[in-house]
Amino acid sequence: MYSGAGDDYRPDPRRWHALSVCLIGGFMALLDVSIVNVALPSIRMGLHATDSDLQWVLSGYALAFGLLLVPAGRFGDMHGRRNAFVAAVALFTLSSAAAGLARTALMLVLARLIQGAAGGIMNPQISGLIQQLFRGAERGRAFGMLGAIVGISTAIGPLLGGLLIQAAGVAQGWRWVFYVNIPVGVAAIIMAYRFIPAFCDNRRRKESFDPVGVLLLAVGVVLVLLPLIQEQTWSWHQTWLLLAAGMAVLAGFVVWERRYARTATPMVDLKLFRRRSYALGTLLGLVYFAGFTAIFFIFTLYLQQGLGYSALQAGLATLPFALGSAVSAGAGGRVVTRIGRTLIAIGLGLVAVGLAGVELAVELVPGRADGWATALPLLIAGVGSGLVIAPNQTLTLAEVPVAGAGSASGVLQTGQRIGAAVGIAAIGAIFFEGLENSHGDFATAFRHGLLLTIAFVLAALVVALIDVRAGRRTARESAGAPAAAPTASPAAGSGAPRTEPPANFARHAEGPATD
């Protein structure tokens, strides 16, 4: 599926400026996952929206986002990533304007669907561009910066939303949650054509887009994500049937891709999953995002509905997590190629310890002081999270040839989106059941949901430790056979440190980095 020159990579002098453009786009797309949470009461007041409308404002974005990740990554691999990125940013900016101008709840939902689709097109291009423009330790640092953006945008969304609503008023403040994207998007488009090199739009050889594979994957993702996203409003019978149907369609997708690969290039190269680094990294991302995303879902509900915090106060309470994540993600990106998957295991341990501290703080310091009581444990959890997201993406994609980086990243991020939907559905169900059983005790409900969140994080830790152990075993076997080439490197998951970047980072360069 992939090809590349391998030895003619030369770093483009604009690569760090190009990365800054990519990070701006990624920040916008991921910010809109969380910023809307605190704006829901304002949207309800401004548009007289129903509960179903509000559910679709959130779920429509997530559904469209997850639906297009893999096909968009494949499109960028085939036709060039710069133009795909710019088109996605333009569509995201226009749909943000449409959302801010919406006069009815239906108009807002439609705009959010388009926004989500644009975000789904944009994100795999960012990972693909990083793969294309960077090699070795620089690639780790670039993914570290992307990981910092993921952590910051997710955690700071409630704070920024709260500030905008506080400044513009509750009735109309929600519109500025979307308007804020317009100047940022325009600047990103201008900067993209200035700093992202033209060779990033080089077309690959003529290949089929695999339309049957696209259709099967799209139907399967919708059938899996939709009932999870709608879990609070649908009956379990409907949810179970659609989930079963979705899993069956995805199994059909795997069968089709294997058959299609015999004669043409499939949308997803399933041989990637034979690489331990990719298979376990994708699984780890799915499980971790099931807990990571749900933290802010139940925490903001607890603070706003249970403790009476304003949108701004709830946002401020999440700030320690964002700060910790921002600091550690950059540091993790600098050392991940030397430490390997052990770094991620350390990060997951810190997240579990931090969340356990949040659980203890809510139990020991009940009432409105919880925002202060949870600050330190959230900071610890944030530091740990920064050592998980970006390093995992770096190691998972380390052995993926550049020509297929977009679709491989799309698969990885689709797993993260499915994990997030699973986590919010499962942890949300525990939260609301605990609320009902405790007769409206939000603290008890939050603590019950947090226990499941910690369980997801510990499950991700088990996956990381399995990879570390397998990497060390492979390293020992290689050391026992000095005449043979090593079968795995620390970047593929070993916990053993190394002083040089893994050779496979530079193995698949696509040509001179010149215009």
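Throughout, read-outs are computed from the coordinates displayed, never taken from laboratory work. All values derive from a computational prediction rather than experimental measurement. Backbone-built Cβ (ideal geometry, glycine too); neighbour counts: all protein chains shown.
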State the Cα centre-to-centre distance between the stretch 32-80 and the stretch 406-431 in whole Å. 14 Å
For the chain: relative contact order, % (alpha-carbon pairs under 8 angstrom, 6 or more apart): 25 percent
Relative contact order of the stretch 79-159, defined on C-alpha pairs under 8 angstrom at six or more residues apart (%): 30 percent
When His79, His439, His448 are ordered from fewest to most other Cβ atoms inside 10 Å of their Cβ, what list results? His439, His79, His448
As an exercise, find the ratio Rg/Rh for the stretch 18-82 from alpha-carbon atoms, using the Kirkwood inverse-distance average for Rh. 1.11
Among 37-43, 407-413, the order from most to least packed when residues are scored by Cβ within 10 Å on average: 407-413, 37-43
Computed on Cα atoms only, the convex hull of the chain has an orientation-averaged projected area in nm² of 22.7 nm²
Given Cα positions, please report Rg to Rh for the stretch 209-295, the hydrodynamic radius being the Kirkwood one. 1.03
Length released on extending from Tyr193 to Gln166, taking residue separation times 0.36 nm less the Cα-Cα span: 6.2 nm
For the ranges 295-302, 471-478, 380-387, what's the packing order if you count other beta-carbon atoms within 10 Å of each residue, average per peptide, and put the highest first? 380-387, 295-302, 471-478
Tell me, what is the percent relative contact order of the stretch 389-453, built from C-alpha pairs under 8 Å that lie six or more residues apart? 22 percent
Tilt relative to the chain, helix 105-133 - C-alpha long axis, 0 to 90 degrees, to 10: 30 degrees
Rounded tilt (10° steps) of 15-34 against the dominant C-alpha axis of the chain: 30 degrees
Distance from the stretch 306-382 to the stretch 115-140 (C-alpha centre basis), Å: 26 Å
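Using per-residue counts of other Cβ atoms within 10 Å, averaged over each peptide, order 365-372, 268-275 from highest down.
Highest to lowest by the protection proxy: 268-275, 365-372.
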Folded to 0 to 90 degrees: helix 181-195 orientation relative to the chain principal axis, Cα: 10 degrees
